[in-house]
Amino acid sequence: MYQSIFFFCFLFSLSFLGVLGVLAVRRAGLSQTRAWCYLVWLSWQRQARASQMVWIAVGLLAFAVALVAIFTAMGAWSMHYWRWPYRQGPTFLQWADEIQIVMSVRDSSASGQGVQAALAAAVRGIVEHSGFAIFSHWGVFLLFLSFLLPLFNLSFATEALGGERESNSLIWLLSRPLPRPAIYLGKFVALLPWTLGLNLGGFGLLCLAGGQPGWLAFRLYWPAVLAATLAFSSLFYLMGAWFRRPAVAAIVYAFFLEVILGNMPGYMKRISIGFYTRCMMFDAASAFGIQPERPDIFLPVEGTTALAVLLGLTIALLGIGTVIFSRTQYQEIV
Amino acid sequence: MPDLLDSPDSGRGDRPLTAGLDLSFHETINPNHSLTVAAPTAAPLLLCQRVSKWYGPVIGVNQVTLELRSGITGLVGANGAGKSTLLRLITGHLRPDLGCIQVRGWDAWSTEARQHVGYCPETDAFYEEMSGRQFVESMARLCGYSRREARKRTEAVLERVGMAGRAERRLRGYSKGMRQRIKLAQALLHDPELLVLDEPLSGIDPVGRWEFIRLFRDLAALGKCLLISSHELEELEKLTDHIAIMAHGRIAAVGTVAQIRDRLDNHPLLIRIDVRGHSHAEHGNEREARRLAAALLKLRDVVGVELLDSPPDESVDPVLVRARNPQRFFQELTHLVLEEWYEIARLETLDDSTQAVLGYLLRGCSA
């Protein structure tokens, strides 16, 4: 149900983009539609010229995947080897065995034995199925969502227009008889395969390296990753149209503002993209007991609401970017 | 209008460059002396009306009015005079802060206007990873041509700019002249009525320069309108005798070089001469300035002389001279100073625009 809504919204937004692009070029004649399609193709090709930021992102992804694979090999995505007291006491698995033994000694009645068996099985079940929760916390929320996802997005999205501005080659697009809104939307459409590929592909690799919990995480979280990618891409792409140094502005936003806003108490965190992405993930994995550490402080929203906000934000940011790009005089490129 | 890609009739290039050109600037050496040409009879190809553009507190283009219909117009001026800003305004890369610019009746910022304009920018940035042919073909595809039509046009324009046999190499390995040719080729792709060329001859060897000049003449003969900027008057004079001289963001003069010179000759120039006291014992400072003023009044081009008060803490006496025919006046002044041995501390033209025009005419004209 939830994923169907997502698909519907995603397809709708893509169609919306396409219609906007075609509408933008129709004013200037039918052949301009062909020019717009070629612009998308050309921009997609030119995005392949990996910039330094993209190589950094790919390197970090390789490092993260290797790290996760090592942890998986060590069996780190489980509470089996956690100890209580910390580092000194028995492992959680040993505790589970101990609890079963102690309880069976205390009450030998049949009903008591039944309750004890159920309790012990529950404890053992929690310990044995803890892998998904731990992978979600460390692998998804901390490593991917807070660090890799914004980095992957900004490495491509700021480059789409920012790179053209920096190399002064934007002048060739602006000299063509193509409407500026069509240029902006066309380059965004060309950007999407790269950001979606890197983010979903990177997330997939990370989850693959995570083993069984990773596979479950991918199945549950990919819609949130997709929605977050759209929102981050449109934001960083907008920065490329707005700022002369978009990469710096994007880094400041992703690693300072997002972190600060995302940890603000109350409703302030609701202006960060990361908040809605987490809400979608919490909602998707609620059946597995994944929830915010302090729900009364985090104040999560429904998954569908979060999805609607992220898609709405994507469209709004694209609209704002289109207006800015259409009105800005890029004095540095001419 | 004949298609650019049709084989050009070289014979038509013999047509006088002035034919069909109707250029009217309302900016003149002196605002009181209008150089306005007859009013246009139909909608002009390019119309700039009192256009001004600021970069923060600095004015880039100041109240420029310009109307072009066809032919070649040269835009000349020193670095920073405002030539490139004016061209960027015309090509819709910048928006005027005041006034308006129209290309065939469309606002220059609009997409419709860009369909009529081919722009060869001064900037030397390309898609460096592409070959010259790939780049030009990409530009053609971005104009909306089909792959087949784009290839056809690409070959035609590469042939026209003399790059057909050399366009396979990557752009990053091109010389400055080859890059200029590729820039020109992409500007010609969609057969625009108005070609705006920013320093197109810079970096081109003499043979290539001659080929370009011939090409520009051919294009003009086909009815195209070319606006070509350069900082060398001599270069533009070979191409056209319709020149606009820009200085300090304004059109300081416009017309043929001869017309500009004539107007300059008839326009009294205000010159300040600071004369210092010297070794002649019998002459004090005051008398030295008076002696110079009397000598100046005997010159045929001087229409007035005024003695000004000496500035405090300076041992000079300023003399304000109003003279026509500046070129002849300065020659005679030089003779006068050398013969009578005046010690001139400073010689300054008090009209910036006139000074700029004069500078160009004195430097760039052989006559």
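Just so you know, all these numbers are worked out from the coordinates, no wet-lab data involved. Owing to the predicted nature of the structure, the values given are computational and were not obtained by experimental measurement. Counting neighbours? That spans all protein chains shown, and the Cβs are built from the backbone with ideal geometry, glycine included.
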- Please compute the net charge surrounding B:GLU348, taking Lys and Arg as +1 and Asp and Glu as -1 over other residues with Cβ under 9 Å from its Cβ. +1
- Query: With Cβ to Cβ distances under 9 Å as the rule, what net charge do the other residues near B:ASP124 carry (K, R +1; D, E -1)?
  - Reply: +2
- Message: Could you tell me the center-to-center distance, by alpha carbons, between the stretch B:161-230 and the stretch B:78-136 in angstrom?
- Response: 15 Å
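Under a Cβ-only charge scheme (Lys and Arg +1, Asp and Glu -1), can you give me the dipole magnitude of the stretch B:143-260 about the Cα centre, in debye to the nearest 20?
Rounded to the nearest 20 debye, it is 760 debye.
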- Query: Could you give the longest part of chain A that holds none of the chymotrypsin sites (Phe, Trp or Tyr not before Pro) found in DSSP loops with at most 14 neighbouring Cβ atoms within 10 Å?
  - Reply: A:87-334
- Where Lys and Arg each count +1 and Asp and Glu each count -1, what net charge lies around A:ALA217 among other residues with Cβ under 15 Å from its Cβ? +1
- Note on the structure: Exposed GluC sites (Glu not before Pro) being those in a DSSP loop with at most 15 other Cβ atoms within 10 Å, the longest stretch of chain A free of them is A:1-292
- Item | Helix-only [θ]222 nm of chain A, DSSP H runs n ≥ 4, -39500 (n - 2.57) each, per residue, nearest 500 | -24000 deg cm²/dmol
- Message: With just the Cα atoms defining each centre, how far is the stretch A:277-291 from the stretch B:299-314? Give it in Å.
- Response: 89 Å
- Starting from the Cα of B:LYS298, draw a straight line to each of the aspartates and glutamates and keep only those under 17 Å, dropping any in the same chain fewer than 8 residues away. B:GLU288, B:GLU306, B:GLU332, B:GLU339, B:GLU340
- Please identify the longest segment of chain A free of exposed trypsin sites (Lys or Arg not before Pro), where exposed means a DSSP state other than H, G, I, E or B and no more than 13 other Cβ atoms within 10 Å. A:88-243
- Message: Let me check against my output: what whole-number percent is the relative contact order of chain A, with C-alpha pairs under 8 Å and at least 6 apart?
- Response: 23 percent
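Please give the contour-minus-distance gain from B:LEU98 to B:LYS152: 0.36 nm per residue of separation, less the Cα-Cα distance, rounded to one decimal in nm.
15.3 nm
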- Message: Through the Karplus equation 6.51 cos²θ - 1.76 cosθ + 1.60, θ set to phi - 60°, convert the phi angles of the stretch A:52-69 into ³J(HN,Hα) values in whole Hz; use x for Gly and Pro.
- Response: 4, 4, 5, 4, 4, 4, 5, x, 5, 4, 4, 5, 5, 5, 4, 4, 5, 4
- Message: At q = 0.06, 0.10, 0.12 Å⁻¹, what log₁₀ I(q)/I(0) does chain A have when each alpha carbon counts as one equal point scatterer in the Debye sum?
- Response: -0.28, -0.66, -0.87
- Task: Give the Rg/Rh ratio for the stretch A:192-322, taking Rg as the radius of gyration of the Cα atoms and Rh as the Kirkwood radius, to two decimals.
- Result: 0.98
- Query: Along the positive direction of the dipole of chain A (beta-carbon charges: Lys, Arg +1; Asp, Glu -1; about the Cα centre), which of A:LEU206, A:LEU216, A:SER326 reaches farthest?
  - Reply: A:SER326
- Using the number of other C-beta atoms within 10 angstrom as an exposure proxy, rank B:ASP107, B:ASP205, A:ASP296 with the fewest first. A:ASP296, B:ASP205, B:ASP107
